[in-house]
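Single-structure report; data block below.
Read-outs throughout are calculated quantities, based only on the coordinates presented, and are distinct from any laboratory measurement. These figures come from a predicted structure and were not determined experimentally. Every residue, glycine among them, receives a Cβ derived from its backbone with ideal geometry; neighbour counts consider all protein chains shown.
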Amino acid sequence: MNAPVLVINCGSSSIKYALIDSDPQAPRLAGLAERLGSRDARLKGKNSAGESFTQPLPNADHAEALIAILKRLENRVPAAIGHRIVHGGEHFTQAALIDDSVIATIESIAALAPLHNPAHLAGIAATQKVFPGLPQVAVFDTAFHQTLPPRAYRYALPEALYTEHRIRRYGFHGTSHAYVSKRAGELSQRGNGGWLTAHLGNGCSTSAIWNNQSQDTSMGLTPLEGLVMGTRSGDVDPGLHAHLHRQLGWSLDEIDDVLNKQSGLLGLSGLTNDMREVEEQALSGHKGSKLALDVFCYRIAKSLAALSCALPTLDGVIFTGGIGENSPIVRREVIALLPHFGFNMDEAANEATIRGKEGKLDHTGHSGPEVWVIPTDEEGRIAMETRHCVETH
Ligand code: AMP
């Protein structure tokens, strides 16, 4: 299949798209339709000459936005569409060709991802209307972590909560962890051994990967578990919810809102969820931002150290995501907190590896575990899995 794949990520009021050729070097047409359903709906993107455009789409719905996107594909006809789907529960261990039964299964697990899965389904319905006859593939954020063994995915809760209600750890950012660990296996002399990955963006998660298979990861039933994120708290005492309810009278919705939208870097700094600003403020002495940076880095190091238990040997750590790819400060702090791992990061390489650069940060001749920066390519991975799924059906 040589024709391009259209990768789509549908939110409740947005559609992110990228048209991806089978040649990974070919330029991508990409953009974002946002604020759908409102007067301010618009489509932003870049054409193949790299020029930006913004097109107002007042009151457009998903289907109308897709028609506008279709017109921006410069007459390149996609051979298939790959949808990013956040939650595949235990049903999907790999990408799936979308048919009625796949749609019904995604619907049946909507309770596990109430903000995402219904929006993805609306996107699939609109896409089927606008592109009838094109094969459509669902690529799940959770699928890569379906190799977790029970000791990593089970919570220590009564059995029935798992067997009857599927309450377990699922993990997310699977396409990113899969992509960067596979890429490290290609680039490093060490191949596909034991890698720790740190996807650090607005959402953050770590993963332990052995032979291209996820062994453990920091996110759980929902993407709230684990690391400190832009606005998410990550791990808290499970007793916190009852405490806040009993002592402050907060409802479950209020608690959920605080933990998901008002915590993390934003909550600790009292200023912002944006790491660039946190770093600037911390460097100029702002106490909340300094604390936010400290807690953020300490929790990443602690998570990587904990996840190392899942690997027979450690070949290296990989940083990715907006922060992992661009913040020498965060990488330096995290590596400094793991002296017993025997990393040997070259500070000059750390400082120089930003803005999409891929590379190993070690001093030459170092034989211990490696430190890599690998820019993630979730869309490229979704296109690759989509192609593979269509070709094997
Ligand atoms: P993502 O969700 O992967 O797009 O990542 C978003 C996060 O990356 C935000 O917290 C940004 O502040 C952060 N980020 C982007 N560029 C930089 C940079 N140069 N230094 C530090 N953080 C950055």
Applied in sequence order to the stretch 151-164, the curve 6.51 cos²θ - 1.76 cosθ + 1.60 (Karplus, θ = phi - 60°) yields integer Hz couplings, x standing for Gly and Pro, of 4, 8, 9, 8, 8, 7, 10, x, 3, 4, 5, 7, 5, 9
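Do the sum for the chain: with -39,500 (n - 2.57) for every DSSP H run of n ≥ 4, divided by all residues, what is the mean residue ellipticity at 222 nm, to the nearest 500 deg cm²/dmol? Don't jump to the answer; show the numbers that get you there.
Numbers: 15 runs with 146 residues, N = 393.
Value at 222 nm, helices only, nearest 500: -11000 deg cm²/dmol.
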Percent antiparallel among DSSP beta bridges confined to the chain, rounded to 5, stands at 65
Full extension between residue 164 and residue 202 adds, at 0.36 nm per residue less the Cα distance, a length in nm of 10.4 nm
Per the charge dipole of the chain (beta-carbon charges, Lys/Arg positive, Asp/Glu negative, Cα centre), the residue among 26, 57, 364 reaching farthest to the positive end is 57
Extension length gain for residue 257 and residue 94 (0.36 nm per residue less Cα distance), in nm, is 55.5 nm
In nanometres, the difference between 0.36 nm per residue of separation and the alpha-carbon distance of residue 1 and residue 129 is 43.8 nm
Karplus ³J(HN,Hα) for the stretch 104-111 (6.51 cos²θ - 1.76 cosθ + 1.60, θ = phi - 60°; Hz, whole; x = Gly/Pro) runs 4, 5, 4, 4, 5, 10, 4, 5
Restricting to Cα pairs under 8 Å and 6 or more apart, the percent relative contact order of the chain works out to 14
Answer in debye to the nearest 20: the dipole magnitude of the chain about its Cα centre, from +1 Lys/Arg and -1 Asp/Glu charges placed on Cβ, is 240
Packing-ranked peptide list from 164-172, 183-191, highest mean Cβ count within 10 angstrom first, is 164-172, 183-191
Given unit charges at Cβ for Lys, Arg (+) and Asp, Glu (-), the dipole magnitude of the stretch 12-105 about its Cα centre in debye, nearest 20, is 420
Computed for the stretch 59-104: size of charge dipole around the Cα centre, +1 on C-beta of each Lys and Arg, -1 on C-beta of each Asp and Glu, debye to nearest 20, value 300
1/(1 + (r/R0)^6) with r = Cβ-Cβ of residue 336 and residue 26, R0 = 35 Å, i.e. FRET efficiency to nearest 0.05, evaluates to 0.30
